[in-house]
Amino acid sequence: MLIEKIKSPADVKKMDMASLATLASEIRTALINKISKCGGHLAPNLGFVEGTIALHYVFDSPKDKIVYDVSHQSYTHKILTGRAEAFVNPDKYWSVTGYTEPCESEHDQFMVGHTSTSVSLALGLATARDIKGELGNVIAVIGDGSLSGGEAFEGLDNAGEYATNFIVVVNDNEMSIAENHGGLYGSLAELRAGQGKSENNYFKSLGFDYLYVEQGNDIESLIAAFKQVKDSTKPVVVHIHTLKGKGYSFAENSKEGFHWAVPFDIPTGVVNWGNGESYGGILGEYLMKKIKADPKVVVIHSAVPAGIGFFADRRKEAGKQFIDVGIAEEHAVALASGLAKGGAKPIYSTHGTFIQRTYDQLSQDLCANNNPATLLITMSGADGMNDTTHLCIFDIPMMSNIPNLVYLCPTCVEEAIAMMDYAIEQTAHPMAIRIPNGVAHRSAKFDTDYSNLNTFKIDKRGRRVALIGLGSYYALAEETAAELAKSGIEATVINPRFATGVDGEMLSELRKDHQVVVTLENGVVDGGFGEKIARFYGNTDMKVLVKGLKKEFYDKVPYDELMVRNRLTPGQIVEDVLAVLG
C-alpha cells in the first residue's frame, strides 16, 4: 500500500495525481479502521484528507509551518509526517496522541486541543520569522465552527493589518460539532453560493486577500490554490468547501454523531455507547422538564449540546429556550449573567476543561455582579477526558476561589437533582454544580435548601479518623471507611457538599475525638478543597491528609493508574492513615 511507504512529506511530493487519489482512499480506510477500534475524531478527519495531502504536496514542512486549530483534524497530517504505522498497525494504535504534539514530530508546532487558537499561534510564528529575517510560509488551518470563538476573531483582526506572508486555510464543512450558530455563517453561506464572489466577505473586511475553492475535497483544485498563495507577501484566506465525514456514509449522514466517536461497527455504523445510564441522558430529560414547566428557564450550551442530551430533536423542541452559542464559552457566561439580571433563569453547561476559558467572565461579568445564573460543569475529574489538552481536573481550584460563586458537588443523581432544583430557583448567588461522571444512586434524603452556605453533612459518626469525600469521591470515602474498619477504626464519613468554603463549627467539633482528617477530591490538590481544610487546622494538632491529584499535565493515563500513582486507592489511603496514627 502507498500509505505504508510514506515516511515524510517528501514522499508525497513525488506522487502523481492518480497516486495521490489512491493515497487519500487508503488514508480514509486507515482512519475508519483505527477509530472504529479506538474511538476518536472521525468526521473532521475524513473531511480534511485531501486538504492535508495538498498542503504537504505544496508546502515544505517543517520549514513551512502548519498550525492546526483544535488539531482534532490532524490525523492525516500525522500519517504524512512519519507516523503512518500508528494508523495501519493495530499494535501501534495508541503510540500517538489525538492532537498535534511537538514531542512526536518536528512537523507539529504546538500541543493544542482547545479551539479558535490556530490563527493567533500561527501569527506569533510569522511575526517571529519576520523579526529574525527568516523565510518560509506560515499556515493556520481553522474550521468554520472554530470561527465562532472570540480568539479566532482577535487573531484574524490583528493579522489583517500585517503586510507579510500569512496564510489562513478555512476548512468550511458547514458544521461545528453540531450545526453552526451565529451571524457570521450567513456570510460564509453567501460566499459558498456565489463561488467566493459575494460582497459580504468577512475575511476581506478584516484586510485579507481571499481565494475560494468550491471543490475542497479535490486534490488538484487544492494544489492549484495553495500554489497560488505560496510565498504570498500579504495575509490571505483560502476558503475551501469540504464534506464532513466524507467517504463513510454513516458519518456523512450523521456528522454530529460521528464528530467524535467511540468504537463502532464499520458495516452498520452502530456505535457502542453502552447501555447504562449517563448524566447526558439524565440532564437532557431534567432540563427539558424545566423548560416545559417554566418559560423563564433558558438552557445554554457552547457547541457540544449532546453532552447534556440535547440532540437535534430536543433542541428543536426547546425552541428559543435553548441557545447554542457556538464555540464561545466566554460569551455564554456573560450571556447567562445578563439573562439572570433580566429576570430569566439561565442554566449554562460546559465541560470542566472548557470552563477554564471563562475565568474573567466568571469573576467579573457574573460573580462581581452576583447574578443568580446556574452553571453545570460536566466531565470534571480524573475520570473525565484525559488528553493533556482536555484535562478536567483544574476546575475546583479555579472556581472555588471566586467570591460570590457557590460551587456544589453532589455525590449522586438524587443529590444533583436536589441541588439543581435549588440553584435554578434561588436568587442570592451565582451557583455552579459539579456533575459527576459515573452515575450513582443513593437512597438518603437530601436537602432542598442550600442557603446555609458551607455546611457539611456527617453521614456516619465515628472517631479518630474523619474522611471528607467531596462529590464523586464520597464513594471513595465510604470504601476507605470499610477498609479502616478492618483495622478496628470506625471512621467518620462526611459529605461536604460545598467546594467553596469550610464548615468551621463541624471541623472544630471533630477535634474532640479525632486525630486525623482525610480530604478526598477528584482534581488537583494545589489550591483545591483539601487545602482549605488543612489551612483551617493549621495552628492545631489535627493531622490532615490532603488526597487528590498532583498538579501535572497528564496525558491519556488510565484512571486506575492515576489512582495508584496518587495514592488514592482505599488500601493506600488506609496505609497513609495508619502511618500517621502510628
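Only the coordinates and a few stated rules stand behind these numbers; no lab work does. As the structure is a prediction and not an experimental result, all values here were calculated from the model. Neighbour counts run over all protein chains shown; Cβ positions are idealised from the backbone, glycine included.
Projecting the Cα atoms of H301, V262, V557 onto the dipole axis of the chain, where Lys and Arg carry +1 and Asp and Glu carry -1 at the beta carbon, places V557 farthest toward the positive end. Against the longest principal axis of the chain, how steep is helix 150-159, in degrees 0 to 90 to the nearest 10, with axes from Cα atoms? It works out to around 40 degrees. Against the main long axis of the alpha-carbon atoms of the chain, helix 329-341 sits at an angle near 50°. Reducing segment 281-331 and segment 380-455 to their Cα centroids gives an inter-centroid distance of 19 Å. Look at (1) 30.4; (2) 32.6; (3) 28.3: the one that is mean projected area of the Cα convex hull in nm² derived from this structure is (3). Cross-link partners of K289 among lysines, defined as those whose alpha carbon lies under 24 angstrom from its own and excluding same-chain residues fewer than eight positions apart: K316, K320, K341, K345, K445.
Normalised by the number of residues in the chain, the average gap of Cα pairs under 8 Å and 6 or more apart makes the relative contact order 10 percent. Among 284-296, 327-339, sorting by the average number of other beta carbon atoms lying within 10 angstrom of each residue, highest first, gives 327-339, 284-296.
Here segment 23-39 and segment 181-220 have alpha carbon centers that stand 30 Å from each other.
When the P(r) is computed for segment 3-253, the part past 22 Å accounts for 50% of the Cα-Cα pairs. If you take all other residues with their beta carbon under 15 Å from the beta carbon of R442, and give Lys and Arg +1 and Asp and Glu -1, the sum is -3.
Go through segment 1-67 and name the trypsin sites (Lys or Arg not before Pro) that are in a DSSP coil and have 13 or fewer other Cβ atoms within 10 Å of their Cβ. Listed in order of number, the matching sites are K7, K14, K63. Computed from Cα positions, the angle between helix 279-293 and the longest principal axis of the chain comes to roughly 80 degrees.
Estimated from helical segments only, the mean residue ellipticity of the chain at 222 nm is -10000 deg cm²/dmol, where each DSSP H run of four or more residues counts as -39500 (n - 2.57). Starting from segment 79-152, pick out the GluC sites (Glu not before Pro) whose DSSP state is loop and whose Cβ has at most 12 other Cβ atoms within 10 Å. Qualifying residues, ordered by number: E106, E134. The count of lysine pairs in segment 457-581 with alpha-carbon distances below 27 Å, taking only pairs 8 or more places apart or on different chains, stands at 23. Segment 535-571 and segment 72-139 have their alpha-carbon centroids 33 Å apart. When DSSP beta bridges are limited to those with both residues in the chain, what percentage is antiparallel, rounded to the nearest 5? Around 10 percent of the beta bridges assigned by DSSP in the chain are antiparallel ones.
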